[in-house]
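Chemist: My structure is below; once you've seen it, I'll send some questions.
The values are calculated or read from the model by the stated rules, or taken from the named source; none is laboratory data. All figures in this text were calculated on a predicted structure; none of them were measured in a lab. Glycine gets a Cβ as well: all are built from the backbone with ideal geometry, and neighbour counts include every protein chain shown.
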Amino acid sequence: MHANNRLVVLLAAISACTIVDVYASFVLRKAIVYTHFFYIPLILAGVWYYRKAVYAAIFLGGLHVLTVYLAIGSGFVIFESLQRAIIFVMIAYVIGFMSEKRAKAEEGILKERDRSQQILSTIGEAVYIFDRGLTIKEVNRTHLRSFDVKRDEAIGRKCYDLFFNREEPCPDCPLPDVFEKGVCVRVERTIALPGGDKKYFDVIYCPLLDEGGNVAEVICDVRDLTERKEMEERLKLSERLATIGEFASGLAHELRQPLAVMNNSVYFLSSKLTGDEKVKKHLMILEKEVKHANRLITDLLDFARAEAPVFNACDINRVVEEALSSVEIPPNIEVKKELGYIPAIQADAYQIQRMCFNLISNAVSAMPDGGTLKIKTWEDKEGKNIKISILDTGEGIPAENLSRIFEPLFTTKARGIGLGLSLCKKYAEAHGGRIEVKSEVGKGTRFIVKLPVSR
């Protein structure tokens, strides 16, 4: 109740007691009638104003003695009234004293709670408190920031509902063991986020005991290991790529020399064995496989060398045309080109051609049963970027693979080593641009390369 309302109620109660006392003394000529009503304002004053309730007790007690003295005047009755006035003061003091102690205790509890909440809020790790029903009783700000939820959305929910979207506890949940045995437990957890990413956590569960030594609640300390896990993965990948680079540099020369001999031999045999169609067919297969092996070696060397682009005036449309002419297009694939009027830009023609070649080759590979390959170039409305779009109507990329297609050595193809798209991304970023991809399984994939007009 508001302070002003309290004062109004208390004054009304004191006024009512005053009227009753005057009526009982002067009209009824009795001293003890209705005096038990005096305890109502005394209790209210003691609860609301603590030991200041004594002032109300002194007023009511003095009023009672005075009215009895003036109305009745009997010595014995006055003595009883005086005793009653003293009792009023004592009761008011006791009630006020106890209420003040209780209020201070509650204030101390609130301060301690606020202090504990501040400590929890400053901890850089997510902290939770669970009860026996696996209900979240408290969380800190780190959790709210990490999962982008409001406090009211977390407090009172079951942990398995909030974190894992389950209707029942997880089968391997350690919380029941912590409540039963009263020992700390440490586990690692992986949580899938709505966007498809994952977070890795190191979780420590520790019991909180009550006065009887029983486990009342469990405090949970959650450390986000996602960044560390990603760094470990990047380190492993860097080690693998360094090994590939060393291996590719040493092996390329040894492989390319026999491949060149094989290619020359195929050319020689093709010119000599013109009559046998079966032999000619196998020679064409051999020539195709030699070219494929040469492309793999080129990808390995390009990725291992990581050479900076050499910028010169570059006609993007011409580069796209050259890349398209280098790819063998099956007869069941229709090619549609929309090469718009775009200005020449400063770029490395070799890297742009390699990038377009890889994207076009991937598009062709995605349409084994035929389809449509659409290649488009244009300048955006702001005149800041040149865009190259390569679209196929092929198999599409599953959602779970879409975030990994630019990772080195990641591939879902039966043939290939998974360096083509990672090279494309590297070339685009080296030019200050980027690659965007949209795909739908069964409908096709579209890559858009954005290259800045001016560097």
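Chemist: Out of the residues in segment 316-341 that are among the charged types (D, E, K, R) and either touching a strand residue (DSSP E or B) at 6+ places or on another chain (Cβ under 6 Å) or in a loop (DSSP other than H, G, I, E, B) (or both), state the one that is modelled with the lowest pLDDT.
Modeler: Among those that are among the charged types (D, E, K, R) and either touching a strand residue (DSSP E or B) at 6+ places or on another chain (Cβ under 6 Å) or in a loop (DSSP other than H, G, I, E, B) (or both), it is GLU328.
Chemist: Let me ask something additional. Kindly list the number of the only condition in (1) at pLDDT 75 or above; (2) surrounded by 14 or more Cβ atoms within 10 Å (Cβ to Cβ); (3) β-branched (Val, Ile, Thr); (4) not assigned by TED's automatic domain parsing to the domain that holds ASN214 that fails for VAL139.
Modeler: (4)
Chemist: Let me ask something else about it. Mind telling me which of the residues VAL266, VAL279 ends up being modelled with pLDDT under 75 and surrounded by 16 or more Cβ atoms within 10 Å (Cβ to Cβ)?
Modeler: The conditions single out VAL266.
Chemist: One residue is enough: does segment 304-315 have a residue meeting the conditions over 30 Å from ASP380 (Cβ atoms), surrounded by fewer than 17 Cβ atoms within 10 Å (Cβ to Cβ) and modelled with pLDDT under 90?
Modeler: Yes, segment 304-315 has at least one match.
Chemist: Taking the criterion of being under 41 Å from the mean Cα position of the chain (by Cα) and at pLDDT 80 or above, would at least one residue in segment 246-253 satisfy it?
Modeler: No, that holds for no residue.
Chemist: Next question. Could you grab me the full set of residues in segment 345-360 that are over 38 Å from the mean Cα position of the chain (by Cα) and not charged (D, E, K, R)?
Modeler: ILE345, GLN346, ALA347, ALA349, TYR350, GLN353
Chemist: Do we have ALA347 as at pLDDT 90 or above, surrounded by fewer than 17 Cβ atoms within 10 Å (Cβ to Cβ) and not polar (S, T, N, Q) here?
Modeler: no
Chemist: Would you mind telling me which numbered condition in (1) surrounded by 13 or more Cβ atoms within 10 Å (Cβ to Cβ); (2) under 30 Å from LYS426 (Cβ atoms); (3) at pLDDT below 75 ASP224 fails?
Modeler: Evaluating ASP224 over (1) surrounded by 13 or more Cβ atoms within 10 Å (Cβ to Cβ); (2) under 30 Å from LYS426 (Cβ atoms); (3) at pLDDT below 75 leaves (3) as the failure.
Chemist: I've got another one for you. Residues to consider are ASN362, ASN358; find the one that is surrounded by 18 or more Cβ atoms within 10 Å (Cβ to Cβ) and either out of contact with any Ser or Thr (no Cβ under 9 Å at 6 or more places or on another chain) or over 24 Å from SER326 (Cα atoms) (or both).
Modeler: Just a single option satisfies the conditions, and that option is ASN358.
Chemist: Given the options ASP172, ASP161, ASP177, ASP152, name the one that is out of contact with any Lys or Arg (no Cβ under 9 Å at 6 or more places or on another chain) and surrounded by 14 or more Cβ atoms within 10 Å (Cβ to Cβ).
Modeler: ASP161
Chemist: Across segment 50-83, what is the total count of residues that are of a type outside the set (A, V, I, L, M, F, W, C), over 18 Å from LEU28 (Cβ atoms) and either modelled with pLDDT under 80 or surrounded by fewer than 18 Cβ atoms within 10 Å (Cβ to Cβ) (or both)?
Modeler: The total comes to 7.
Chemist: So which of PHE88, PHE79 is touching a residue at least 24 places away in the same chain (Cβ under 8 Å) and of a type outside the set (Ser, Thr, Tyr)?
Modeler: PHE88
Chemist: Quick check on my filter: what residues within segment 392-441 are surrounded by fewer than 21 Cβ atoms within 10 Å (Cβ to Cβ), at pLDDT 90 or above and more than 31 Å from the chain's Cα centre (by Cα)?
Modeler: THR393
Chemist: Tell me, yes or no, whether segment 165-183 has at least one residue that is β-branched (Val, Ile, Thr) and either touching a residue at least 60 places away in the same chain (Cβ under 8 Å) or under 24 Å from GLU227 (Cα atoms) (or both).
Modeler: No.
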